[in-house]
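J.: Questions regarding the structure given below will be posed in turn.
The values are calculated or read from the model by the stated rules, or taken from the named source; none is laboratory data. This one's a predicted model, so the numbers in the text were calculated from it and none came from an experiment. We place every Cβ from the backbone using ideal geometry, glycine too, and count neighbours over all the protein chains shown. Areas reflect the complete protein model, heavy atoms only, side chains present, ligands, DNA and RNA absent. Shrake-Rupley method; radii C 1.70, N 1.55, O 1.52, S 1.80 Å.
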Amino acid sequence: MIVNPTVSIVTGTYNSDLAIFSNVLDSLKSQTYSKYIIEHIIMDGGSTNAIASLARKYGCTVIVRPDLRDKEQYRFSLGLKKAKGDLVLILESDNIPVGENWLACLVEPMIKEDIFCSYPMHNDYRDDMSFLTKYTALIGSPDPTLYYLQKSDKEPIVNDLYTKGYVIRKSARYSVVRFNSDNTPTLGDNGFLINRSILNEAIKKQRSYIHVDAFQDIVQRGHNTVAVIHNSIIHVMGNNILLHIKRRVAIKQLFTDEKSAERTYHVMDWTSSRDRWNLFKYVIYSLTFVEPIIFSIRGYVKRRDVAWFLHPIMCFLMVIAYGYSEIEFHGKKLFKRLFVI
């Protein structure tokens with residue numbers, strides 16, 4: 001008789017959208033996986049809305065740390081350390097699992113296979129959701145930069161085959177995939193289920209927890225085989241495109257520009273000829289519009305949704321936004337070098 005492993009779900013919140021989070025909690029409540037072996041830990045940064053009381057109504061353990069309001073990653077790492085389950089599910093407050101068997105499907109290969117984590121192959125959306133949520137689900141990435149750099153962990157919604165890493169074998173419900181330190185995508189967020197003891201080893205080694213760095217460290221230490229589940233999760237993105245772009249640039253500035261020297265994972269690795277070539281193609285494609293338009297048309301033929309045609313616009317805007325950020329960053333460095341003693 002196979003005994004199902006216990007699961008700790010860890011979610012970080014700070015004034016999260018109540019309607020979206022309610023959807024998340026409803027989806028978790030509907031899961032067929034035994035509720036008696038699940039704990040849900042909420043690490044809140046001192047929200048001023050009713051997010052904490054909502055979570056408690058669903059039986060979650062809520063830990064409020066207003067002193068860590070602006071230290072989201074550190075606050076989240078404390079939640080991971082408090083987890084007691086055999087497995088830990090990393091789930092954001094805007095991640096809605098799709099289907100009642102979603103969690104059971106993630107757990108299945110953790111029992112049957114020699115792997116350290118599992119995660120959904122696709123993002124998804126509902127018809128009433130924003131163009132931005134639909135678009136990012138369609139391309140399988142929070143912005144086109146990750147897609148063209150081939151660093152997103154998810155596949156475009158029309159792809160049936162997983163194209164990251166090396167696919168060892170494929171079953172009806174999941175694919176077993178092996179990575180190395182050179183081809184690891186941005187693992188570790190938005191619906192990742194991982195062996196707790198292996199995750200704890202990585203957390204202990206990090207000065208400040210960053211999920212992609214933790215997973216890169218895990219892969220480098222030999223835990224390099226994962227299960228990609230043939231299901232999906234909804235990652236709600238909101239509806240303000242300019243605000244979304246601003247947030248993506250802010251993430252770059254915080255985790256790439258300011259912390260580059262202490263990072264172990266680089267979305268854009270300038271020492272990699274593959275990354276440099278992919279970036280060059282992405283910039284040319286975005287500024288000329290031709291390839292993104294063709295990409296949109298091909299996607300639309302496979303799945304009829306006009307959100308595909310946001311792609312050329314997003315490609316262009318992200319290249320301009322990231323380009324300006326790079327110029328500003330290197331300009332400030334040069335100014336300090338020349339004029340600051």
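J.: Determine the relative contact order of the stretch 253-340: mean sequence separation of Cα pairs under 8 Å and six or more apart, normalised by residue count, in whole percent. Show your work: numbers first, answer last.
T.: Values: 35 pairs, mean separation 19.0, N = 88.
Result for the stretch 253-340 is 22 percent.
J.: Given a 1.4 Å probe and the protein chains all in place, what does the accessible area of Lys82 round to, in Å² to the nearest 10?
T.: For Lys82, the solvent-accessible surface is approximately 110 Å².
J.: Further, regarding this structure: Provide the net charge surrounding His235, with neighbours chosen by a C-beta distance below 10 Å and charges set as Lys +1, Arg +1, Asp -1, Glu -1. It would help to have the intermediate numbers written out before the result.
T.: Numbers: positive: Lys154; negative: Glu92, Asp94, Asp124, Asp189.
Once positives and negatives cancel, what remains is -3.
J.: Just subtract the alpha-carbon distance of Ile327 and Phe280 from 0.36 nm times their residue separation and send over the number in nm, one decimal.
T.: 15.3 nm
J.: With the full set of protein chains in place, find how many percent of the accessible area of the chain is carbon and sulfur; take the probe as 1.4 Å.
T.: Details: 9350 of 16880 Å².
Percent of accessible area from carbon and sulfur atoms in the chain: 55.
J.: Right, something else. Write down the radius of gyration of the chain and its Dmax, each obtained from C-alpha positions, in Å.
T.: Radius of gyration, then largest Cα-Cα span, for the chain: 19.9, 71 Å.
J.: Among Leu310, Phe192, Thr264, whose Cα lies farthest out toward the positive end of the dipole of the chain, if unit charges sit on the beta carbon of Lys, Arg (+1) and Asp, Glu (-1)?
T.: Farthest along the dipole direction, towards plus: Thr264.
J.: With every protein chain kept in place and ligands, DNA and RNA left out, what is the accessible area per residue of the stretch 13-151? Probe 1.4 Å, answer in Å².
T.: Averaged over the residues of the stretch 13-151, the accessible area is 42 Å².
J.: Here's another thing I want to ask about it. Excluding ligands, DNA and RNA, what is the solvent-accessible area per residue of the stretch 156-197 at a probe of 1.4 Å, expressed in Å²?
T.: Per-residue value: 47 Å².
J.: Kindly express, to the nearest 10 degrees and within the range 0 to 90, the angle between helix 290-302's C-alpha long axis and the longest C-alpha principal axis of the chain.
T.: The answer is roughly 30 degrees.
J.: In whole angstrom, note down how far apart the Cα centers of the stretch 1-58 and the stretch 265-341 are.
T.: Answer, in whole Å: 35.
J.: While we're here: Output the relative contact order of the chain, whole-number percent, from Cα pairs under 8 angstrom with separation of 6+ residues. Walk me through the numbers before you get to the answer.
T.: Working: 586 pairs, mean separation 61.7, N = 341.
Averaging sequence separation for qualifying contacts and normalising by length gives 18 percent for the chain.
J.: Continuing with the same structure: Could you work out how far helix 273-288 tilts from the main Cα principal axis of the chain, as a 0 to 90 degree angle to the nearest 10?
T.: Helix 273-288 and the main axis of the chain meet at about 70 degrees.
J.: Moving to a separate point now. In degrees, nearest 10, range 0 to 90: what is the angle between the Cα axis of helix 311-339 and the longest Cα principal axis of the chain?
T.: Tilt of helix 311-339: around 70 degrees.
J.: Among the aspartates and glutamates, which have Cα under 14 Å from the Cα of Lys81 when same-chain residues fewer than 8 positions away are ignored?
T.: Within the straight-line limit of under 14 Å, Lys81 reaches these aspartates and glutamates: Glu39, Glu201.
J.: Listed highest first by mean packing, meaning other Cβ atoms within 10 Å per residue, what order do 274-283, 120-129 come in?
T.: The peptides rank, most packed first, as 120-129, 274-283.
J.: Pairs Lys164/Lys333; Lys252/Lys333; Lys35/Lys112: which exceed 26 Å Cα-Cα?
T.: Pairs exceeding the cut-off: Lys164/Lys333.
J.: So what J values fall out for the stretch 20-28 if you push phi through Karplus, 6.51 cos²θ - 1.76 cosθ + 1.60 with θ = phi - 60°, rounded to Hz, Gly and Pro as x?
T.: 5, 5, 4, 4, 4, 5, 4, 5, 5
J.: Under a cut-off of 12 Å between alpha-carbon atoms, report the aspartates and glutamates in cross-link reach of Lys57, not counting same-chain residues fewer than 8 places apart.
T.: Asp26
J.: Could you please report the charge total around Arg178, scoring K, R as +1 and D, E as -1 over all other residues with beta-carbon less than 15 angstrom from its beta-carbon?
T.: Charge balance near Arg178 sits at 0.
J.: Mind giving me the FRET efficiency for Ser260 and Ser30? R0 is 41 Å, r the Cβ-Cβ distance, nearest 0.05 is fine.
T.: Numbers: r = 42 Å, r/R0 = 1.03.
Once the sixth-power term is evaluated, E becomes 0.45.
J.: First select every other residue whose beta carbon is under 13 angstrom from the beta carbon of Arg247; then total the charges, Lys and Arg +1, Asp and Glu -1.
T.: Net charge around Arg247: 0.
J.: Given the rule -39500 (n - 2.57) for each run of at least 4 DSSP H residues, summed and divided by the residues of the chain, what is its mean residue ellipticity at 222 nm, to the nearest 500 deg cm²/dmol?
T.: When only DSSP H runs of four or more count, the value is -13500 deg cm²/dmol.
J.: While we're on this one: Amide H neighbours of His40 under 5 Å, at least 5 residues apart or on other chains, H built in the peptide plane: list them.
T.: Ile9, Thr61
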